[in-house]
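FYI, it's all coordinate maths here, none of it is from the lab. Since we're looking at a predicted model, the values are computed, not measured. Every residue, glycine among them, receives a Cβ derived from its backbone with ideal geometry; neighbour counts consider all protein chains shown.
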Amino acid sequence: MNKSAFNELLAFFTEYNVFLEKAVQAQNEKIEALLTHDVEIIEKSAAKQQAVGMQFAKYEERRQKLMDAAGVSGATFEQLVDFAQDEEKQKVRDLYHCMQDRINQIKFLNGKAMHLVETNLKVIDMELPVQERRTSRGYSGDGKTHSPKKGTSLFETKI
């Protein structure tokens, strides 16, 4: 195991932890946006979430490279504690728990946001007149398309 590369990996995880805190904030903002029912606010939040997702991918790619360089490729974070020097073990353990908590928060908040979206789609679907639900060429709440009315174009269809 390369000690300097391992120390660089630990510094990276500290940076990654800060990013995870920002991702938790972004998840909270997404929920707040969904609760406003304002399409413009929701679209801005969705764009921000997309950027966060791309940052996640970059962090994961960088993590893999740093773990390879440190000679700990394939190790779990808990196993990294064993590779740390005695005086660093508690710091690494604390960092692991903090990151795990933030990841769990992100998963929880994302599930909550998905539930809000599903609920909102069901409400919208229930508010549409029955005739419009049957003849719309747009997507239904379950993601399926409906047959269009004869003689209508897509531009005449309410989505």
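Calculated FRET efficiency, Gln90 to Asn28, Cβ-Cβ distance, R0 = 30 Å: about 0.50 to the nearest 0.05.
Near Ile42, within a Cβ-to-Cβ distance under 14 Å, what is the net charge of the other residues, with Lys and Arg +1 and Asp and Glu -1? Kindly include the intermediate steps, with their values, before the conclusion.
Numbers: positive: Lys30, Lys44, Lys48; negative: Glu29, Glu32, Asp38, Glu40, Glu43.
After counting each charged neighbour, the total is -2.
With the convex hull drawn over the C-alpha atoms of the stretch 3-131, the volume per residue is 113 Å³. In terms of other Cβ atoms within 10 Å, Phe6, Phe108 run from fewest to most in the order Phe108, Phe6.
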